[in-house]
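Asks: Let me give you the structure first, and then I'll get to my questions.
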């Protein structure tokens, strides 16, 4: 009984760990809703600006939101009576009042999620589809939490005006257009930006980051070009990993041929992540070949490419192929005989111990 429970636990663990941000929160989406979001073109924007004195002029904020969404080639309307596909809301406050949690419970752990303890100036983003709030929230905050003190320091009389002016700057910087486009699953818009040579490196990095939650199969040709840029390669590999089995040949080739240790490590990690969810047997051989080759001449720490070998070991643990037992056992022996107290060696030892337990479950349970 214990044996089956352990197997079941590991399967659930890997399944949950591989869930994308959107899937973890979006399991209640209907196919109709997904189709509607994927085809959003006209967006009604609703901007609310609040200070401690009451409602303020939201026109300057509206101009920024409108312009930035138009950069993504959306059609923007500001009259609710105008036909539109979705309603995008932005509420900017001198002192944030909203302090609730997300309905599904997933967003609270995500990047840019609303901070419940933050009481300073903030803008909260959300959207409604067919009048329904679908629970997507992002928040951008000022660098200060006390608008009155900040305004006094800046020699501005009205703290509310100062807070909104600083939030306007944040709206210019924060890439909410890319994030909402990813939320709606419109990878074609993101790929167009990614291919545009005028798109900044920082924005491309943001696009690659959010694409890990889209699993766009159409992105593979674009990502193959992206990873040729050293400044974008690591993030490009992570986005490629999100496409699943289709990425295996590309990641395998990169792992075998790249001379860049960071990229080889990223490719090994990607292969392990894909293998954990697909169980594809073609992933294991190249990783095992690398491990066996290294074991032949591993006499000291100088013989170890720690980033690559560590990721290879972690990945073999996720793949759980019994052919890995012998080389992992040998690796255990070697790395404990090498005198090395570095953090890199500690991580490699931890990875090796964990992997051994995953691939030799029967031995651990008996």
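The values are calculated or read from the model by the stated rules, or taken from the named source; none is laboratory data. These figures come from a predicted structure and were not determined experimentally. Every residue, glycine as well, gets a Cβ built from its backbone with ideal geometry; the counts of neighbours run over all protein chains shown.
Asks: How many residues does region 17-36 hold that are at pLDDT below 95 and either surrounded by 13 or more Cβ atoms within 10 Å (Cβ to Cβ) or touching a helix residue (DSSP H, G or I) at 6+ places or on another chain (Cβ under 8 Å) (or both)?
Replies: 13
Yes or no, residue by residue, for (1) assigned by TED's automatic domain parsing to the domain that holds residue 66; (2) within 22 Å of residue 129 (Cβ to Cβ); (3) surrounded by fewer than 20 Cβ atoms within 10 Å (Cβ to Cβ):
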site: 188; (1), (2), (3): no, yes, yes
site: 199; (1), (2), (3): no, no, yes
site: 208; (1), (2), (3): no, no, no
site: 237; (1), (2), (3): no, no, no
site: 246; (1), (2), (3): no, no, yes
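Asks: List the helices (runs of 4 or more DSSP H) inside region 141-242, counting only whole elements, that have at least 1 residues being within 23 Å of the chain's Cα centre (by Cα).
Replies: Working: elements: 147-153, 159-173, 176-183, 187-195, 201-211, 220-226, 233-241.
Those helices (runs of 4 or more DSSP H) span 159-173, 176-183, 187-195, 201-211, 220-226, 233-241.
Asks: Which one is surrounded by the fewest Cβ atoms within 10 Å (Cβ to Cβ), of the residues in region 48-86 that are within 16 Å of residue 174 (Cα to Cα) and in contact with a strand residue (DSSP E or B) (Cβ under 6 Å, 6 or more places away or on another chain)?
Replies: 70
Asks: A follow-up question, please. Considering only residues that are over 18 Å from the mean Cα position of the chain (by Cα) and either crowded, with 18+ Cβ neighbours inside 10 Å or farther than 30 Å from residue 32 by Cβ (or both), which ones fall in region 130-140?
Replies: Across region 130-140, the qualifying residue is only 134.
Asks: What residue, of 161, 195, 175, is assigned by TED's automatic domain parsing to the domain that holds residue 137 and in contact with a helix residue (DSSP H, G or I) (Cβ under 7 Å, 6 or more places away or on another chain)? If you could, list the steps in order and put the result at the bottom.
Replies: Working: 161 fails: in contact with a helix residue (DSSP H, G or I) (Cβ under 7 Å, 6 or more places away or on another chain); 195 fails: assigned by TED's automatic domain parsing to the domain that holds residue 137.
Exactly one of 161, 195, 175 is assigned by TED's automatic domain parsing to the domain that holds residue 137 and in contact with a helix residue (DSSP H, G or I) (Cβ under 7 Å, 6 or more places away or on another chain), namely 175.
Asks: Of the conditions (1) in a helix (DSSP H, G or I); (2) in contact (Cβ under 8 Å) with a residue 12 or more places away in the chain, residue 249 clears all except one; give me its number.
Replies: (2)
Asks: Looking at residue 277, is it surrounded by fewer than 23 Cβ atoms within 10 Å (Cβ to Cβ) and in contact (Cβ under 8 Å) with a residue 60 or more places away in the chain? Steps first, answer last, please.
Replies: Values: surrounded by fewer than 23 Cβ atoms within 10 Å (Cβ to Cβ): yes; in contact (Cβ under 8 Å) with a residue 60 or more places away in the chain: yes.
The answer is yes for residue 277.
Asks: Just to be sure before I move on: is residue 215 touching a residue at least 40 places away in the same chain (Cβ under 8 Å) and closer than 25 Å to residue 268 by Cβ in the structure I sent?
Replies: yes
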